[in-house]
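K.L.:
One structure follows; several queries about it will come next.
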């Protein structure tokens, strides 16, 4: 299998107006790798009770998810910068090999420390796959045509967020939890073979000075921040010395990172990018809209569906499919239209107008609302996100020369991941506090279980009057938070009005559009 794009010199006039041969195979491989890397953030969530039971690791349960997200987040800017400096093909293949190796080893883990270590290895590969897949599309597809391919890639994130828990639960119930990791092996191996044979990109022979100090400071800042968000209010009180020290380390590391990046010969995240209005505005919108909008709903709506409506875990996951359908519809449609029109701003504004409406409508629900109405509101929110997600990435890629497209893409994704982590933690803390107060006001042992031990099955077994009180407590704890998110999302809407609308380039040249 060969491709029309062979190793070739990179120059200011190098434009590719045609897609490489076998591009369909390449695109399929990139989509599979994006899906796998996103899927593994959530696939273990429903398998965790079984995993910790077999490996005797209840006290380390949160680290099975945190290790993956932490490693992936730290790896994103590293892959992006190295891809721009050294070329992306070999880095992408290496990331895919690391991910597949981590998946296989995680399936053979005999105790929790092993599983956590192999999940971190998975994450190091997965972070590269998320970034390199988008950057390789930028190498192969002219900017004007790129939108119609980026749209479905954005929808993959929403699909993975819903499909992950469903698939993990089904595998655990019908096979063995280890297959939640081993399922990556055949798909990853096929993607690796196709990518190795079909992808041909410019090979850069340059000497670089890697930003080791900046990378270390970035890792320290991100690790401390994620630990604050993960442990705060759960493992430790928010005002505990551990959380306060971690917060201080994160802040100091971030400040030192900024100082180092100004002086580094090859900065990991060039701070001059922040001066680019497309990058700064698009990144802020992504942190606000995706971090607070999509992830807050995905994280806590299944709990609401189980506790208030009495659905099973699988059913609550299936009821999020309307959101994915809304995302896929608008992402693919807007992608085709953006390619045709060569402009993206109108679609971003439209999405940022739809999203707060969807979240506001969700805040108007009550326990008596038909579940079909809830699904309609979720679909509306998904439709708004589908108009925003990949169009922001496209805008960022269009604003920088091809030699920096990997760094720009990875930085945008990096800050979005940080926003999602912080957003979910903040919403979770508020929800937990409100729910604790609401359940305490009921003043009962809930049929022999304490407030901390209530499960959907216990709620369904309660007497009617008590069950209604518990259901109301859950609704009163979560739905007003959605209303509080509306003005935050509207800040993103206001920012979208100032997003520069630069015409998309017709080729994959190395000069940003103006």
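No lab work stands behind these numbers, since they all come straight from the coordinates. Just so it is clear, the structure is predicted and the values come from calculations on it, not from any experiment. All Cβ positions, glycine included, derive from the backbone under ideal geometry; neighbour counts span all protein chains shown.
K.L.:
Helix 321-341 versus the longest principal axis of the chain: what angle, 0 to 90°, nearest 10, using Cα atoms?
P.N.:
20 degrees
K.L.:
Mind checking the log10 I(q)/I(0) for the stretch 20-209 at q = 0.11, 0.13, 0.17 Å⁻¹? Debye, one equal scatterer per Cα, no solvent, two decimals.
P.N.:
Results for the stretch 20-209 at q = 0.11, 0.13, 0.17 Å⁻¹ read -0.48, -0.65, -1.04.
K.L.:
Using a Förster distance of 35 Å, how high is the FRET efficiency between residue 62 and residue 357, based on the Cβ-Cβ distance and rounded to 0.05? Intermediate values should be presented prior to the final figure.
P.N.:
Values: r = 34 Å, r/R0 = 0.98.
E(calc), rounded to 0.05, equals 0.55.
K.L.:
Here's another thing I want to ask about it. Computed over the Cα atoms of the stretch 212-264, what is the ratio Rg over Rh, Rh following Kirkwood? Please list the in-between numbers first.
P.N.:
On the way: Rg = 12.1 Å, Rh = 11.3 Å.
Expressed as Rg/Rh, it is 1.08.
K.L.:
Efficiency by 1/(1 + (r/R0)^6): what FRET value for residue 196 and residue 458, r their Cβ-Cβ distance, R0 = 56 Å, to the nearest 0.05? Spell out each step's value before the answer.
P.N.:
Details: r = 52 Å, r/R0 = 0.93.
Approximately 0.60, to the nearest 0.05.
K.L.:
How much of the calculated P(r) for the stretch 100-190 lies past 17 Å, in percent of all Cα pairs? Mind showing how you got there, number by number?
P.N.:
On the way: 2495 of 4095 pairs.
That fraction is 61 percent.
K.L.:
At 7 Å along the Cα-to-beta-carbon direction for both residue 259 and residue 216, put a label point, then send me their distance in nm to one decimal.
P.N.:
Between residue 259 and residue 216, the label points sit 1.5 nm apart.
K.L.:
Plugging the Kirkwood radius over Cα pairs into Stokes-Einstein for the stretch 235-362, at a temperature of 4 °C and a viscosity of 1.567 mPa s, what D comes out in µm²/s? If you can, show how the numbers build up before the last one.
P.N.:
Details: Rh = 18.7 Å.
Estimated diffusion coefficient is 69 µm²/s.
K.L.:
Okay, moving on. What's the angle, to the nearest 10 degrees (0 to 90), between helix 184-198's Cα axis and the longest principal axis of the chain?
P.N.:
10 degrees
K.L.:
What's the Cα-based Rg to Rh of the stretch 317-425, Rh via Kirkwood? Let's see the in-between values first.
P.N.:
Working: Rg = 15.9 Å, Rh = 15.2 Å.
Rg divided by Rh gives 1.04.
K.L.:
Of all the C-alpha pairs in the stretch 172-234, what % are more than 14 Å from each other?
P.N.:
On the way: 1539 of 1953 pairs.
Tail fraction, whole percent: 79.
K.L.:
Then there's this: Can you give the relative contact order of the stretch 212-264 as a percent, counting alpha carbon pairs under 8 Å and 6+ residues apart? Each step should come with its number before you reach the end.
P.N.:
Working: 41 pairs, mean separation 27.2, N = 53.
After rounding, I find 51 percent.
K.L.:
If one computes the Cα centroid of the stretch 92-158 and of the stretch 376-431, what distance in Å separates the two points?
P.N.:
Measuring centre to centre over Cα atoms gives 16 Å.
K.L.:
Can you give me the relative contact order of the chain as a percent, contacts being Cα pairs under 8 Å and 6 or more apart? Before the final figure, lay out the partial values.
P.N.:
Working: 883 pairs, mean separation 118.9, N = 514.
This gives 23 percent for the chain.
K.L.:
How big is the chain in terms of Cα radius of gyration and Dmax, in angstroms?
P.N.:
22.7, 74
K.L.:
Related question: Relative to the present Cα-Cα distance, how much length would full extension add between residue 101 and residue 465 at 0.36 nm per residue of separation?
P.N.:
On the way: separation 364, 0.36 × 364 = 131.04 nm, distance 5.28 nm.
So the extension gain works out to 125.8 nm.
K.L.:
How many times 2.2 N^0.38 Å is the alpha carbon radius of gyration of the stretch 245-317? Present the calculation step by step, with values, prior to reporting the outcome.
P.N.:
Details: Rg = 19.5 Å, N = 73, 2.2 N^0.38 = 11.2 Å.
Output field value: 1.74.
K.L.:
Please state the shape class of the stretch 189-306: rounded when a/c is under 1.5, otherwise prolate if a/b exceeds b/c and oblate if not, all from the C-alpha gyration tensor.
P.N.:
Oblate is the answer for the stretch 189-306, as a/c is 1.5 or above yet b/c matches or exceeds a/b.
K.L.:
Now a separate question. Counting each DSSP H run of 4 or more residues in the chain as -39500 (n - 2.57), what helix-only mean residue ellipticity at 222 nm follows after dividing by all residues, to the nearest 500 deg cm²/dmol?
P.N.:
Theoretical 222 nm ellipticity from helices: -25000 deg cm²/dmol.
K.L.:
Can you give the FRET efficiency to the nearest 0.05 for residue 366 and residue 498, using r as the Cβ-Cβ distance and R₀ = 45 Å? The partial results should precede the final answer.
P.N.:
Working: r = 37 Å, r/R0 = 0.82.
Approximately 0.75, to the nearest 0.05.
K.L.:
Then there's this: Once both axes come from the Cα atoms, what is the angle between helix 295-309 and the longest principal axis of the chain, in degrees from 0 to 90, rounded to 10?
P.N.:
Compared with the principal axis, the helix lies near 30 degrees.
K.L.:
For the ranges 327-335, 432-440, what's the packing order if you count other beta-carbon atoms within 10 Å of each residue, average per peptide, and put the highest first? Don't skip to the end; give the middle numbers.
P.N.:
On the way: 327-335: 24.0, 432-440: 15.1.
Final packing ranking: 327-335, 432-440.
K.L.:
Now for a separate question. Could you give the nm distance between label points at residue 235 and residue 90, where each point is 7 Å from its Cα heading toward the beta carbon?
P.N.:
Going by the 7 Å Cα→Cβ label model, 3.8 nm.
K.L.:
Find how much the distance from residue 242 to residue 21 grows on full extension, using 0.36 nm per residue of separation minus their present alpha carbon separation; answer in nm with one decimal. Spell out each step's value before the answer.
P.N.:
Working: separation 221, 0.36 × 221 = 79.56 nm, distance 5.50 nm.
Length difference between fully extended and current span is 74.1 nm.
K.L.:
Per-residue counts of other Cβ atoms within 10 Å, averaged by peptide: what ranking do you get for 339-352, 459-472, 482-495, highest first?
P.N.:
By packing density, highest mean first, the sequence is 339-352, 482-495, 459-472.
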